[in-house]
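So the structure is just underneath, and the comments pick up after that.
The values are calculated or read from the model by the stated rules, or taken from the named source; none is laboratory data. The structure presented is a predicted model; accordingly, all values stated were derived computationally and were not measured. Neighbour counts are summed over all protein chains in view; Cβ atoms, including those assigned to glycine, are modelled from backbone coordinates with ideal geometry.
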Amino acid sequence: MTPIAHSPHAHAQVSVSQVMATVMLALTPATLFGFWLYGWPAINLWVVALTVALVSEAATLKIMGRPVRGALLDGSGLLTAWLLALSLPPWAPWWLAAVGSLFAVVIGKQIFGGLGQNLFNPAMAARVMLLISFPLEMTTWIAPLPLTSATAPGFLEGLAITFAGLPPADGISSATLLGHVKTELGRDIGLAQALSGFYDPAGFAIGQRAGSLGETSAILLLIGGLALIARRIITWHIPVSMLAGVALPALLFNLIAPERYPGLDYHLLSGALILGAFFIATDPVSSPNSVSGQLVFGLGCGLLTWIIRTWGGYPEGVAFAVMLMNAGTPVIDRYFKPRIYGRDRKGVALNPVKEGAK
Amino acid sequence: MKLFKLRGGVHPSGHKDLSAEPPIRVLPLPNVLYVPLQQHIGAPARHLVSVGEKVNKGQLLAASQGMVSAPVHAPTSGRVIAIGDFPGPHPSGLEMPTLTIEADGDERWIDTEPPSNPFALSPEEIALRVGAAGIVGLGGAAFPAAVKLNLSRNSEVHTLIMNGGECEPYLTCDDRLMRERASQIVEGIRLIAHATGASEILVGIEANKPEAIAAMRAASVASPVKVVQVPAMYPMGSEKQMIQVLTGQEVPAGGRAADIGVLVHNVGTAYAVQQALCLGRPLVSRIVTVSGGAIMAPGNLEAPIGALAADLVRACGGLRIDAARLVLGGPMMGTQLSSLDVPLVKGSSGVLALTRAEVEHTRPGPCIRCSSCVRACPMGLLPLEMAARIRVGDPAGAVDWGLKDCIACGSCSYVCPSHIPLVHYFNHAKGDLAARERLKMKNEATKKLADERSERMARIVREREEAARQRAAKKAAADAAKKAAAEAVAAAAKQKPEEVTA
């Protein structure tokens with residue numbers, strides 16, 4: 001006799017691995033652009049991050065006596081490592097990616113109980129850990145050196161840079177826009193002077209700038225993010241509110257003191273904002289589950305990002321902002337619930353209304 | 001007409017084309033019919049016939065008992081050959097009280113006495129006749145229709161909504177009925193409206209049934225019945241959602257549609273009302289969709305109540321391939337059948353034989369909190385939060401998150417990428433809560449009895465002690481008296497010698 005099955009006896013054609021695969025597909029254009037922009041070392045770093053994630057996840061599951069196959073095949077570990085790799089300096093040493101991946105998958109996710117149980121976004125937790133523990137390696141940026149250019153490192157040289165710590169040639173290392181502006185403002189140099197020759201909005205939109213492996217091309221990330229919204233993997237609420245959370249104070253303060261506070265386009269096009277808004281803050285596990293909660297969460301992520309960038313010790317604040325709001329998710333979930341049919345916002349049953357009584 | 005917005009909902013593939021085109025066929029009369037006494041919400045009917053008795057089609061077999069119940073009538077003419085237990089249309093396949101009737105093939109009706117003009121009847125009389133005809137909600141819930149009519153008359157219903165949503169995939173029985181018998185349905189609708197005094201009459205039909213909408217519109221020309229096209233989505237055919245989309249109002253939590261002056265009936269019920277009032281025929285048959293990828297020739301059958309699901313499948317050419325799952329009703333809310341040898345009841349809208357590809361069962365994975373279920377829930381609930389509470393054995397916590405407002409429509413389970421059987425969780429928790437409630441009541445009753453007993457025992461002890469004390473007091477008094485008497489005697493005796501000496 002067949003076991004009793006419960007309704008519904010039909011199911012939509014969706015699965016977790018399909019969701020993860022779609023997100024990875026959406027990341028692919030920006031990732032390939034990063035590979036092209038920063039050459040072989042970037043590719044090596046990405047491979048290391050993903051490999052370590054797979055191996056360490058399998059080992060952890062084995063040690064904990066949990067089924068390995070299913071959890072490994074759902075693609076969540078790979079996606080975490082992928083996002084982490086995109087947020088690392090492209091020519092970082094291999095061990096930075098390895099330690100980060102290990103931390104993200106084992107401590108960020110499996111220790112909490114595996115997929116769906118973690119409070120913090122694993123990739124961001126790992127990035128913050130690396131930034132605090134290895135500040136030098138995590139802030140050594142290089143200027144774009146496309147794979148097709150003559151001076152780009154070859155395959156072997158790439159391996160040496162990633163695995164043997166070959167220092168980059170002179171003139172290659174560079175500062176990010178956010179870091180540069182923070183330093184200059186700290187030296188009481190006006191914004192116009194700090195930005196001149198360093199900031200070109202069109203080039204930044206395409207991604208021609210120093211920065212993390214996969215966060216530079218605002219346009220490609222935006223295309224991927226919009227594709228996720230179109231495929232209904234994510235909704236617009238968190239990305240839009242997060243961008244608004246950065247945009248509103250940026251506009252306001254830029255209006256008040258344009259020499260001290262950079263404008264809207266500067267904030268939107270620099271750092272990890274687009275990647276964060278569409279791919280990181282939208283992590284379902286660590287974000288709220290109601291529409292109103294998501295709007296609050298996104299707005300909080302945006303505001304905190306702007307505050308950290310503007311007044312914080314670090315030039316970039318996306319990872320910190322997302323983690324801080326992750327910590328607030330359970331509280332947001334408690335207070336921002338959808339209104340239930342037949343009840344008011346407080347959960348009290350609606351009064352019967354008669355047409356005659358109106 | 002202006003429609004109102006619904007929340008949530010899903011768009012499962014309809015599979016309606018499988019069975020929507022062929023006209024309704026009459027099921028060849030089976031030799032034996034199995035008529036369960038419980039085909040409705042409420043108390044089972046009490047049988048009035050005995051084994052060996054000859055019955056005519058439409059004859060009362062079992063009377064309703066209690067406030068919420070419905071009578072059962074003979075689906076054909078023949079002989080009662082057994083009164084006993086037979087597997088019911090339930091996932092468990094457990095047996096239930098059933099009358100078995102051997103058909104004589106004559107289909108001889110009882111003498112029907114339809115009123116010359118049913119619209120001249122009083123609302124009370126209409127409700128009485130609807131109740132006597134054994135009519136229950138044919139949309140699936142099988143709530144006795146007369147009870148609903150009386151209830152709505154008492155609470156001044158102003159809007160009658162006829163549900164032609166039929167949002168369940170595969171099912172096309174209402175669609176076919178509306179296409180083929182629209183004038184009878186409209187007459188039945190007007191009778192229900194007459195019985196309730198509703199002034200506004202709306203028929204909501206999903207946009208994926210254009211032929212049914214056209215037929216119903218044609219049949220309701222120059223009548224107060226207004227046919228409204230509503231968006232095709234699941235669960236549009238749920239009472240609460242149909243009310244919301246047509247009126248913009250919500251049924252208060254824990255309340256009834258009548259609380260906001262609305263009465264909802266299924267279009268199939270309207271047809272049954274028309275048959276009962278205009279022809280005097282009780283509810284002894286219904287339209288059933290037989291469909292699914294494993295059925296040779298899907299379609300709709302007009303089948304007598306009590307026909308076996310196997311009879312219906314056979315009439316549709318049998319099974320093409322082995323069915324991975326048999327379902328009674330629609331795939332979203334229907335129940336699994338353990339076998340096809342169970343009878344059709346009044347609320348059975350479909351018999352589905354689904355293939356492995358159609359049911360596509362995947363093992364559940366962990367919840368990734370993607371909120372797909374939150375977006376799908378038409379009630380504004382947080383299925384993932386309720387499931388998280390239930391998973392750790394806290395159904396009361398799930399109630400705080402709205403478990404009691406869940407209509408078990410299955411939208412959340414349908415969209416879950418981790419294939420978590422959420423509705424199963426919720427029904428389990430509802431059952432658990434009901435069991436706890438019963439246990440609590442039982443405990444309270446036991447405690448009351450125990451308290452009463454200990455009080456009784458204490459009283460007995462008290463009374464015994466009292467009696468003993470009284471006995472002792474009596475004895476003491478008697479002793480005292482005796483002693484006094486003896487002393488008196490002694491005293492007297494003492495005095496005597498004195499007297500003597502004196």
* To do: Could you please find all residues in the stretch B:142-160 being within 14 Å of chain A (Cβ to nearest Cβ) and surrounded by fewer than 24 Cβ atoms within 10 Å (Cβ to Cβ)?
  => B:Leu151, B:Asn154, B:Ser155, B:Glu156, B:His158, B:Thr159
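When you check B:Arg369 against the structure, is it of a type in the set (D, E, K, R), at the interface with chain A (Cβ under 7 Å from one of its Cβ atoms), free of Cβ contacts under 8 Å to residues at least 24 places away in the same chain and crowded, with 18+ Cβ neighbours inside 10 Å, yes or no?
On the way: of a type in the set (D, E, K, R): yes; at the interface with chain A (Cβ under 7 Å from one of its Cβ atoms): yes; free of Cβ contacts under 8 Å to residues at least 24 places away in the same chain: yes; crowded, with 18+ Cβ neighbours inside 10 Å: yes.
Judged against the criteria, B:Arg369 is a match.
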* Asked: How many residues are assigned to a loop (DSSP other than H, G, I, E, B) and either free of Cβ contacts under 8 Å to residues at least 60 places away in the same chain or surrounded by fewer than 20 Cβ atoms within 10 Å (Cβ to Cβ) (or both) if we restrict to the stretch A:287-334?
  -> 9
* To do: For B:Lys57, indicate whether it is within 14 Å of chain A (Cβ to nearest Cβ) and surrounded by 18 or more Cβ atoms within 10 Å (Cβ to Cβ).
  => no
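The rows are residues; the columns are (1) closer than 30 Å to B:Gln241 by Cα; (2) in contact with a strand residue (DSSP E or B) (Cβ under 6 Å, 6 or more places away or on another chain); (3) in a loop (DSSP other than H, G, I, E, B); (4) among the aromatic types (Phe, Trp, Tyr).
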{"residue": "B:Gly8", "(1), (2), (3), (4)": "yes, no, yes, no"}
{"residue": "B:Pro23", "(1), (2), (3), (4)": "yes, no, yes, no"}
{"residue": "B:Gln39", "(1), (2), (3), (4)": "yes, no, yes, no"}
{"residue": "B:Leu61", "(1), (2), (3), (4)": "no, yes, no, no"}
{"residue": "B:Gln65", "(1), (2), (3), (4)": "no, yes, yes, no"}
{"residue": "B:Thr98", "(1), (2), (3), (4)": "no, yes, no, no"}
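State whether one or more residues within the stretch B:191-202 are in contact (Cβ under 8 Å) with a residue 40 or more places away in the chain, of a type in the set (S, T, N, Q) and either over 28 Å from B:Leu27 (Cα atoms) or in contact with a Phe, Trp or Tyr (Cβ under 7 Å, 6 or more places away or on another chain) (or both).
To start, the set of residues in the stretch B:191-202 that are in contact (Cβ under 8 Å) with a residue 40 or more places away in the chain comprises B:191-192, B:194-202.
With the extra rule that they be of a type in the set (S, T, N, Q), the set shrinks to B:196, B:199.
Keeping just the survivors that are either over 28 Å from B:Leu27 (Cα atoms) or in contact with a Phe, Trp or Tyr (Cβ under 7 Å, 6 or more places away or on another chain) (or both) gives B:196, B:199.
There is at least one residue in the stretch B:191-202 that is in contact (Cβ under 8 Å) with a residue 40 or more places away in the chain, of a type in the set (S, T, N, Q) and either over 28 Å from B:Leu27 (Cα atoms) or in contact with a Phe, Trp or Tyr (Cβ under 7 Å, 6 or more places away or on another chain) (or both).
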* List every residue pair whose Cβ atoms sit under 6 Å apart, with the two residues 6 or more apart in sequence or on different chains, where the first one lies in the stretch A:258-286 and is in contact (Cβ under 8 Å) with a residue 12 or more places away in the chain and under 23 Å from A:Ala175 (Cα atoms) and the second, anywhere, is surrounded by fewer than 20 Cβ atoms within 10 Å (Cβ to Cβ) and not aliphatic (A, V, I, L, M). => A:Glu259/A:Gly190; A:Tyr261/A:Phe253; A:Tyr261/A:Asn254; A:Gly263/A:Asn254; A:Asp265/A:Pro201
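Within the stretch A:178-210, track down each residue that is within 18 Å of A:Val318 (Cβ to Cβ) and assigned to a helix (DSSP H, G or I). Show your work before the answer.
Taking the stretch A:178-210 and keeping what is within 18 Å of A:Val318 (Cβ to Cβ), we get A:178-182, A:204-205, A:207, A:209-210.
Listed by number, the residues that qualify are A:Leu178, A:Gly179, A:His180, A:Val181, A:Lys182, A:Phe204, A:Ala205.
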* How many of the residues making up the stretch A:230-257 are touching a residue at least 40 places away in the same chain (Cβ under 8 Å), closer than 17 Å to B:Cys370 by Cα and more than 13 Å from chain B (Cβ to nearest Cβ)? -> 1
* Asked: Which condition does A:Ala205 not pass, out of (1) at negative phi; (2) crowded, with 21+ Cβ neighbours inside 10 Å, if it passes all the others?
  -> (2)
* Asked: For the stretch B:401-460, which residues satisfy the criterion of being in contact (Cβ under 8 Å) with a residue 40 or more places away in the chain, more than 14 Å from every other protein chain (Cβ to nearest Cβ) and among the hydroxyl-bearing types (Ser, Thr, Tyr)?
  -> none
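Is it the case that the stretch B:105-125 has a residue that's under 20 Å from the mean Cα position of the chain (by Cα), surrounded by 14 or more Cβ atoms within 10 Å (Cβ to Cβ) and in contact (Cβ under 8 Å) with a residue 60 or more places away in the chain? Reasoning before the result, please.
At the first step, the residues of the stretch B:105-125 found to be under 20 Å from the mean Cα position of the chain (by Cα) are none.
No; the residues of the stretch B:105-125 include none that is under 20 Å from the mean Cα position of the chain (by Cα), surrounded by 14 or more Cβ atoms within 10 Å (Cβ to Cβ) and in contact (Cβ under 8 Å) with a residue 60 or more places away in the chain.
To keep it simple, each residue is scored yes or no on (1) free of Cβ contacts under 8 Å to residues at least 12 places away in the same chain; (2) surrounded by 15 or more Cβ atoms within 10 Å (Cβ to Cβ); (3) among the basic types (Lys, Arg).
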position: B:Ala353; (1), (2), (3): no, yes, no
position: B:Cys373; (1), (2), (3): no, yes, no
position: B:Met379; (1), (2), (3): no, yes, no
position: B:Glu385; (1), (2), (3): no, yes, no
position: B:Arg389; (1), (2), (3): no, yes, yes
position: B:Gly393; (1), (2), (3): yes, no, no
* Do you know which residues across the stretch A:3-27 are more than 8 Å from chain B (Cβ to nearest Cβ) and hydroxyl-bearing (Ser, Thr, Tyr)? -> A:Ser17, A:Thr22
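Within the stretch A:314-321, is even one residue charged (D, E, K, R), within 14 Å of chain B (Cβ to nearest Cβ) and closer than 18 Å to A:Met242 by Cα?
Restricting attention to the stretch A:314-321, the residues satisfying the condition of being charged (D, E, K, R) are A:316.
Now narrow it down to the ones that are within 14 Å of chain B (Cβ to nearest Cβ): none.
The answer is no; no qualifying residue exists.
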* Asked: Exactly one of (1) among the aliphatic types (A, V, I, L, M); (2) surrounded by fewer than 18 Cβ atoms within 10 Å (Cβ to Cβ); (3) assigned by TED's automatic domain parsing to the domain that holds B:Leu301 is unmet by B:Leu344. Its number?
  -> (2)
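Just name the residue that is surrounded by the most Cβ atoms within 10 Å (Cβ to Cβ) out of those in the stretch A:116-169 that are polar (S, T, N, Q) and part of a loop (DSSP other than H, G, I, E, B). Please lay out each step first, then the result.
The first filter runs over the stretch A:116-169 and keeps only residues polar (S, T, N, Q), leaving A:117-118, A:121, A:133, A:139-140, A:148-149, A:151, A:162.
Remaining after also requiring part of a loop (DSSP other than H, G, I, E, B): A:117-118, A:121, A:139-140, A:148-149, A:151.
Details: A:Gln117: 15, A:Asn118: 22, A:Asn121: 28, A:Thr139: 15, A:Thr140: 18, A:Thr148: 8, A:Ser149: 10, A:Thr151: 10.
By that ranking, first place goes to A:Asn121.
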* Consider only pairs whose beta carbons are under 6 Å apart and that are at least six residues apart or on different chains; among these, list those whose first residue lies in the stretch B:42-56 and is farther than 13 Å from B:Thr98 by Cβ and whose second residue is in a loop (DSSP other than H, G, I, E, B). => B:Gly42/B:Val68; B:Ala43/B:Gln65; B:Ala43/B:Gly66; B:Arg46/B:Gln65; B:Val55/B:Ala74; B:Asn56/B:Ser77; B:Asn56/B:Arg108; B:Asn56/B:Ile110
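Among the residues of the stretch A:87-115, which ones are in a helix (DSSP H, G or I), more than 14 Å from chain B (Cβ to nearest Cβ) and touching a helix residue (DSSP H, G or I) at 6+ places or on another chain (Cβ under 6 Å)? Talk me through it step by step, then tell me what you get.
First, pick out the residues of the stretch A:87-115 that are in a helix (DSSP H, G or I): A:94-107, A:110-112.
So of that shortlist, the ones also more than 14 Å from chain B (Cβ to nearest Cβ) come out as A:94-107, A:111.
Once the filter is applied, which keeps residues that are in a helix (DSSP H, G or I), more than 14 Å from chain B (Cβ to nearest Cβ) and touching a helix residue (DSSP H, G or I) at 6+ places or on another chain (Cβ under 6 Å), the stretch A:87-115 yields A:Trp94, A:Leu96, A:Ala97, A:Ala98, A:Gly100, A:Ser101, A:Leu102, A:Phe103, A:Ala104, A:Val105, A:Val106.
Pick from the stretch B:419-452 the residues that are more than 15 Å from B:Met379 (Cα to Cα) and touching a Pro at 6+ places or on another chain (Cβ under 6 Å): which of them is surrounded by the most Cβ atoms within 10 Å (Cβ to Cβ)? Full working, then the answer.
Initially, the stretch B:419-452 is screened for residues more than 15 Å from B:Met379 (Cα to Cα), giving B:419-421, B:424-425, B:427-452.
Those still in the list that are touching a Pro at 6+ places or on another chain (Cβ under 6 Å) too: B:419-420, B:429, B:432-433.
Details: B:His419: 18, B:Ile420: 20, B:Ala429: 24, B:Asp432: 15, B:Leu433: 16.
Looking at residues that are more than 15 Å from B:Met379 (Cα to Cα) and touching a Pro at 6+ places or on another chain (Cβ under 6 Å), I get B:Ala429.
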* When the stretch A:1-35 is examined, which residues are found to be outside any helix (DSSP H, G or I), surrounded by fewer than 17 Cβ atoms within 10 Å (Cβ to Cβ) and hydroxyl-bearing (Ser, Thr, Tyr)? -> A:Thr2
* Structure fact -> The correct count of residues that are touching an Asp or Glu at 6+ places or on another chain (Cβ under 8 Å) and over 16 Å from A:Pro249 (Cβ atoms) in the stretch A:284-335 is 5
